[in-house]
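The values are calculated or read from the model by the stated rules, or taken from the named source; none is laboratory data. Nothing here was measured: the structure is a model prediction, and the numbers come from that model. Cβ coordinates were reconstructed from backbone atoms using ideal geometry, including for glycine residues, and neighbour counts include every protein chain displayed. Surface areas here come from the heavy atoms of the whole protein model, side chains and all, with no ligands, DNA or RNA. Shrake-Rupley method; radii C 1.70, N 1.55, O 1.52, S 1.80 Å.
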Amino acid sequence: MPSLDFSRKLNAARQRLAGGSSAGVFRGMATLAFGSGLAKIIGLLSIQVLTRIYSPEHFGILSIFAAMLLILTPLMTLRYELAVPLPSKNGAAMTLMAVSAALLILMTLILGTTLWLAGPALLNMASMEAITPYRGLLVLALFLTGLYEVLQIWAVRRRAYPIIARTQLQQSVVGAIAKIGLGIAGLMPLGLMAGHVLGACAGMVALIRAFRGDVERFWRHVTLKRAWCMLKHYRSFPAYRLPAQLLQIFSSQSPLLMTAAIYDAGTTGQLGLALMMLALPMNLLGYTTSKAYYAEIASLGKKRPADIRAVTYSVIKRLFALSIAPALLLLAFGEDAFAFAFGAQWALAGELAAILAIYLLFQFIHAPASHLLSLFECQRLLLMLNAQRTVLTVACFTAAHFLVWPITSVILLYSVTLSAHYLFSLLMSLRVIPR
């Protein structure tokens with residue numbers, strides 16, 4: 001009987017801990033979602049002004065610039081910064097910060113030299129010659145974006161969600177004002193790209209000020225020997241996490257790229273609007289929850305699998321409850337909603353968004369659980385799962401090309417296939433928690 005009582009007390013304590021941790025995740029999520037939501041609203045409102053200042057050609061150059069930034073940013077730190085929340089001691093985490101910062105400087109020099117010497121030829125080969133005059137600005141943007149990610153991951157470790165939310169809002173406000181002001185001044189299309197760089201700077205100032213004390217307190221723990229140990233211990237991040245993220249970027253962009261190759265520009269635009277609108281709730285809830293969840297499970301540590309399992313199941317249940325109603329509403333009324341909001345000419349975008357709502361639900365509940373692979377150092381599995389997603393995505397659109405399917409049919413196949421992929425990935429992620 002005493003042992004039974006002890007077991008009950010232990011289970012009760014775990015449940016209270018799990019409840020507190022999951023509540024912390026959702027408090028963090030609410031804070032991040034509020035800041036990110038305001039930032040997105042400001043961005044959407046600014047588009048109404050920017051489209052009256054800049055031409056479609058200018059936005060085309062910005063799209064190429066943003067695509068290059070998206071592809072090259074993971075290379076800047078080889079993804080070592082993603083390991084910062086994992087060490088139990090702040091000194092080890094600060095050493096990882098130093099390693100990430102050193103890699104950022106080194107990669108900036110390497111990429112900067114490469115783009116300066118061979119940039120025109122390389123960009124011409126990739127059909128991106130439009131940004132050749134702005135390759136210096138691209139290098140600066142890569143450095144600042146990488147630096148922001150390094151500083152932000154320390155904020156995630158410290159669970160400083162209000163500061164992260166504030167920096168996101170500052171980035172959006174400063175970026176929008178800069179783009180509008182530089183456009184009015186006649187700096188086109190430079191104003192669009194320079195505005196992005198200035199926005200990144202605005203976000204970093206608050207992070208640097210907030211964590212200056214942490215650097216002063218823990219910097220004494222940083223040594224070359226410890227840095228070398230961190231490089232070896234977390235080598236799975238550049239070996240597996242980096243290519244996994246590159247595959248993720250490719251698979252997320254490939255539906256639009258392959259639609260442009262198979263269908264006409266109008267169809268591509270319809271799918272582009274559908275994907276852009278679906279990205280808003282994913283960014284507000286899915287990715288913000290992921291950051292808060294990663295911070296919580298990293299603070300628990302991988303030696304407490306029972307607590308991590310309880311927190312994970314609680315977060316998945318709450319995310320499912322939050323996302324089921326919007327997904328069903330979009331599935332039922334997506335076409336009419338888009339036609340009402342954007343005009344009858346965008347009805348197809350609403351129909352595609354309704355079909356994509358099928359997999360959006362599974363993407364929501366999968367997003368946080370994928371961080372389990374980082375905590376338990378299963379980066380190889382993450383690479384395999386992202387490779388699977390890439391192959392499935394390409395297979396769906398290749399089938400559409402050979403079978404001459406309409407866009408609605410291929411998007412239905414893509415949505416169902418991605419739903420199965422995310423469900424499988426969720427189950428595989430949960431299996432890495434030791435029993």
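Worth pointing out:
- Here the translational diffusion coefficient of the range 348-419 follows from Stokes-Einstein with Rh set to the Kirkwood radius across Cα pairs; for 20 °C and 1.002 mPa s it amounts to 158 µm²/s.
- For the peptides 147-153, 78-84, the ranking by packing is 78-84, 147-153, with the highest mean count of neighbouring Cβ atoms within 10 Å listed first.
- Probe 1.4 Å - accessible area at residue 235, Å² to nearest ten: 150 Å²
- Amide H partners (placed H, <5 Å) of residue 235, local residues excluded: none
- The range 39-117, Rg to Rh (Cα coordinates; Rh as Kirkwood inverse mean 1/r): 1.16
- Based on Cα atoms of the range 182-340, Rg over Rh with Rh as the Kirkwood radius reads 1.04.
- The calculated Kirkwood hydrodynamic radius for the range 120-190 is 14.6 Å, given to one decimal from all distinct C-alpha pairs.
- Solvent accessible area, Å² - residue 230, 1.4 Å probe, full protein context: 30 Å²
- Per residue value of the accessible surface for the chain (all protein chains in place, 1.4 Å probe), Å²: 47 Å²
- Put the Cα centre of the range 365-428 next to the Cα centre of the range 63-117 and the gap is 26 Å.
- Accessible surface of the range 218-324, 1.4 Å probe, proportion on carbon and sulfur as whole %: 67 percent
- Our summary gives the chain a relative contact order of 21 percent, counting only alpha carbon pairs under 8 angstrom and 6 or more residues apart.
- More than 17 angstrom apart: percent of Cα pairs within the range 320-362: 28 percent
- Distant alpha-carbon pairs in the range 275-434 (separation over 18 angstrom), percent: 63 percent
- The base-10 log of I(q)/I(0) for the range 250-363, evaluated at q = 0.13 Å⁻¹, reads -0.61 [Debye formula, identical scatterers on Cα atoms, solvent excluded].
- For the range 364-435, the set of chymotrypsin sites (Phe, Trp or Tyr not before Pro) satisfying both a DSSP loop assignment and a count of at most 10 other C-beta atoms within 10 Å is empty.
- Pairs of alpha carbons in the chain whose separation is greater than 36 Å (percent): 29 percent
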